[in-house]
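Data first, discussion second: the structure below is written as structure tokens.
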Amino acid sequence: MPHPKERRLLLSHADEPGYTGSYEDYTARGGYKTLEAAIRREPAEIKKEVLDANIRGRGGALFPAGRKWGFLDPNSDKPVYLICNADESEPGTFKDRQLIHKDPHQLIEGMMISAYATGTKLAFIYIRGEMFGGARILEEAIEKARANNLVGENILGSGYSCDLIVHRGAGSYICGEETGLIESLEGKRPYPRLKPPFFPAAKGLYMCPTIVNNVETLCQVKHAVELGGKEYAKIGVPNCTGTRIWSLSGHVNNPGYFEVEGGAYTFGDLIYDMGGGLREGRSLLGFIPGGSSTKVIKYDQRYRGKLQDGTEVDWGVEDIPLDCDGCNYFGSSSGSAAVMVMDDTTDVVMALANLNAFYAHESCGQCTPCREGSLWLKKITHRMIAGEAREEDADLLKSIADQVEGRTICAHGEAVAWPVQGFILRFRDEFIDYARRQARERAAREQETTAAVA
Amino acid sequence: METNATDTFELSEEARAEIDRVVPRYPEIRSAALPVLYIVQGEKGYLSNEAIEWVSARLELEPINIYELVTFYPMLLREPTGKRHVKVCRTLSCALNGAYRVCDRFREAFDCELDEVSPDGAVTVEYVECIASCHTAPVVQIDEELYHNVDEDRTEELIQMIRSETKSGS
Ligand SMILES: Cc1cc2nc3c(=O)[nH]c(=O)nc-3n(C[C@H](O)[C@H](O)[C@H](O)COP(=O)(O)O)c2cc1C
Ligand code: SF4
Ligand code: FES
């Protein structure tokens, strides 16, 4: 059951009793009517709706979809490709899985509307390799849509044709980075490309203009076009129109996904009300707000000052709005809206070691700072949890992270650096105490051994 | 004399037909590499050198173009796995909820090292990175199926399930 604070647009049917996400269920609730209407209008009009809606990209970078589409060169004679990024692998994020499993036709409708608006003749869904079930569900849904003339040749008699292919990845996180994804789809290693010049909208798949959008973004398109861009933009707040699906996990009583109107509630509401609060006797240590690459926010942080629009605020972490930019005032970002909560029993060194292992494992290896830096960071935190922590490790970790950030081909370099910078900034004392405690334990052990030998 | 992998490599009619259906869907043939490798791996269980050379010939590529994929992507397998492929999520939300213990328990139960086939051939146990179901942590994927909220009891149930299924020779 949706929480009363939710406003479900994309997930409006997902958890409805008896709703299976089948073609029949979807069309019985008005599904594909928006595509039917859109395809009778000019593509430019649809683009305008999406621009007016100001849908910010839900994959994590938050770039408005309408503006991204605007980068397509109208005078290019090359084919345009649309790719749905269903790689969902930023730790903490699990909203796309829900959208794919529970309402696949909504995604297909959103994609076909987007394909029509951008002049795409061939579209792809690049889905994470491990999502076997999701790929099957999408394949079947596409066949059903094709049988009903909603995908493929001469869609609904409009003269417009577009095919849709589900392409499965093979277990590599970097395929979520849009240019890595494109390389992977070309049948190569997913080595991200240098931007510029390889902005996908100009030189993407097969060096042709390409739009890459996240699953949730493309589902939002369906609703923006259905309501009309201006109407849609009335939902939420100007910096975060429409709804956002928050993935909440970690140390809370009721982890789950919550679709909330942009800016309508706060992190306090998410963690303590929707998320059922922390476990008995525990208190909040901090949370990672937007997928594991975003910087951790500690329970006692405050922001006193002006917002971008001039409003004066005095915010604790519970007051941060569930919008797109609120976390920026706390030195972090709402990224993919994946909130990982840590309570006071959390071993922060262990937590960082866990993330360092992830980002080291997933570096594609093209750039030296990312490849080597991520390994060093991993080795240091690994040594720390293995009992050999040193007081100077905190500063060493930070100095390595600082040398990775901004010096790499793709933003994986930032994803390597930010967790480390965040943890050391907020928990430096804890890291140093951790090392001192271990030093005392080592000394005690040594004394015991000497005593035993003597 | 060099043997030609294309002549000696055996693949079922169904797999060949599936490959013939998939390849032309892509504007450029090389894009079909992952789907074709998956079809071959699905039938053979892993990708031998012979399989790789066959795929490269089928896609009019050099063998290195395929080798570079199978040496990069974790889901392309160079060796057979146990009858069941167990992947325990090791990333933060699962780790905060006991994933390391779950993995240790699987390894103990089947007496195997991480990433290696168990002595009885029943399983390969691996860690996988966040598999996008952090709200049901810890999660374990067994072959194509995802299992949620794998606490201690659930772990034992899954171990029993694998034992009974792999004994009956499936
Ligand atoms: C290392 C890295 C991993 C990423 N992983 C994903 C992902 O799994 N899913 C996703 O939608 N975007 C991911 N992105 C963001 C994409 O590069 C891209 O911005 C996004 O797909 C664009 O879609 P949007 O504008 O609709 O958000 C990742 C970016 C980086 C740098
Ligand atoms: S930053 Fe890391 S992941 Fe990105 S291209 Fe460089 S090495 Fe690869
Ligand atoms: S951390 Fe295990 S599913 Fe995300």
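Just so you know, all these numbers are worked out from the coordinates, no wet-lab data involved. Computed from a prediction, not measured in an experiment: that's the story for all the values here. As a convention, Cβ positions derive from the backbone with ideal geometry for all residues, glycine included, and neighbour counts pool all protein chains shown.
For chain A, the extents of the C-alpha atoms along the principal axes are 92, 46, 44 Å, listed from largest to smallest.
Note on segment A:23-234: dipole from Cβ charges, positive end direction compared against A:Gly187, A:Ser114, A:Asn54; the farthest Cα belongs to A:Asn54. Of the Cα atoms belonging to segment A:117-158, the radius of gyration and Dmax stand at 12.2, 37 Å. Checked against a 26 Å cut-off, the cross-linked pairs A:Lys48/A:Lys121; A:Lys102/A:Lys222; A:Lys378/B:Lys44 give Cα-Cα distances beyond that limit for A:Lys378/B:Lys44. In order along segment A:354-362, phi translates into HN-Hα couplings of 4, 5, 4, 4, 4, 5, 5, 4, 9 Hz, rounded to whole numbers, per the Karplus curve 6.51 cos²θ - 1.76 cosθ + 1.60 with θ = phi - 60° and x for Gly and Pro.
Loop-located trypsin sites (Lys or Arg not before Pro) in segment A:37-111 (DSSP state not H, G, I, E or B) with no more than 15 neighbouring Cβ atoms inside 10 Å: A:Arg40, A:Arg41. Positive end of the dipole of segment A:312-392 (Cβ unit charges, origin at the Cα centre): among A:Val339, A:Gly326, A:Ser363, the Cα lying farthest that way belongs to A:Ser363. Averaged over the residues of A:92-100, the number of partner chain Cβ atoms lying within 10 Å of the residue Cβ comes to 3.
A:Ile182 sits among other residues whose Cβ lies under 11 Å from its own Cβ, and their net charge, with Lys and Arg +1 and Asp and Glu -1, is -1.
The alpha carbon radius of gyration of segment A:272-385, expressed as a multiple of 2.2 N^0.38 Å, is 1.23. Rounded to two decimals, the Cα-based Rg/Rh of segment A:23-234, with Kirkwood Rh, is 0.93.
Across segment B:55-170, the relative contact order, built from alpha-carbon pairs under 8 Å that are at least six residues apart, equals 27 percent. Look at the dipole of the protein assembly as shown built from charges on Cβ: of B:Tyr100, B:Pro138, A:Ala439, the Cα furthest out on the positive end belongs to A:Ala439.
In whole Å, how far is the Cα centre of segment A:226-289 from that of segment A:62-88? The two parts, judged by their Cα centres, are 28 Å apart. Amide H contacts for A:Gly286 (H built 1.01 Å from N in the peptide plane; partners 5 or more residues away or on another chain; cut-off under 5 Å): A:Tyr299, A:Met342.
Need one word for segment A:320-368: rounded, prolate or oblate. Basis is the Cα gyration tensor (sqrt eigenvalues a ≥ b ≥ c); a/c below 1.5 gives rounded, then a/b vs b/c decides. The shape class here is oblate.
Computed 3J(HN,Hα) for segment A:4-15, one whole-Hz value per residue from the Karplus formula 6.51 cos²θ - 1.76 cosθ + 1.60 where θ = phi - 60°, is x, 7, 6, 10, 8, 10, 6, 9, 5, 9, 3, 10, glycine and proline marked x.
Computed over segment B:58-157, the P(r) tail beyond 24 angstrom holds 29 percent of alpha carbon pairs.
Within chain B, all pairs of alpha-carbon atoms sorted by distance into 5 Å bins from zero give the percentages 1, 8, 16, 16, 15, 13, 12, 10, 6, 2, 0, 0. Backbone amide hydrogens, once placed in the peptide plane, bring A:Gly250 within less than 5 Å of A:Val341, excluding anything fewer than 5 places away on its chain. Amide H contacts for B:Val123 (H built 1.01 Å from N in the peptide plane; partners 5 or more residues away or on another chain; cut-off under 5 Å): B:Lys83, B:Arg84, B:Ser118. Using just its DSSP H runs of length 4 or more, each adding -39500 (n - 2.57), chain A gives a mean residue ellipticity at 222 nm of -12500 deg cm²/dmol after division by all residues. When both segment B:49-83 and segment A:130-208 are represented by their alpha-carbon centers, they are found 22 Å apart. Using a/c under 1.5 as the rounded threshold, could you call segment B:5-72 rounded, prolate or oblate? The axes a ≥ b ≥ c are square roots of the C-alpha gyration tensor eigenvalues, and prolate needs a/b larger than b/c, oblate otherwise. In terms of gyration-tensor shape, rounded. Charge dipole of chain A (Cα centre as origin; +1 on each Lys and Arg Cβ, -1 on each Asp and Glu Cβ, all else neutral): 780 debye, rounded to the nearest 20.
By the beta-carbon count within 10 Å of each Cβ, the least crowded to most crowded order of B:His135, A:His412, A:His101, fewest first, is A:His101, B:His135, A:His412. Estimated translational diffusion coefficient (Stokes-Einstein, Kirkwood radius over Cα pairs, 25 °C, 0.890 mPa s) of segment A:68-169: 172 µm² per second. Under the shape rule built on the C-alpha gyration tensor, where the axes satisfy a ≥ b ≥ c, segment A:348-450 is prolate, since a/c reaches at least 1.5 and a/b is greater than b/c.
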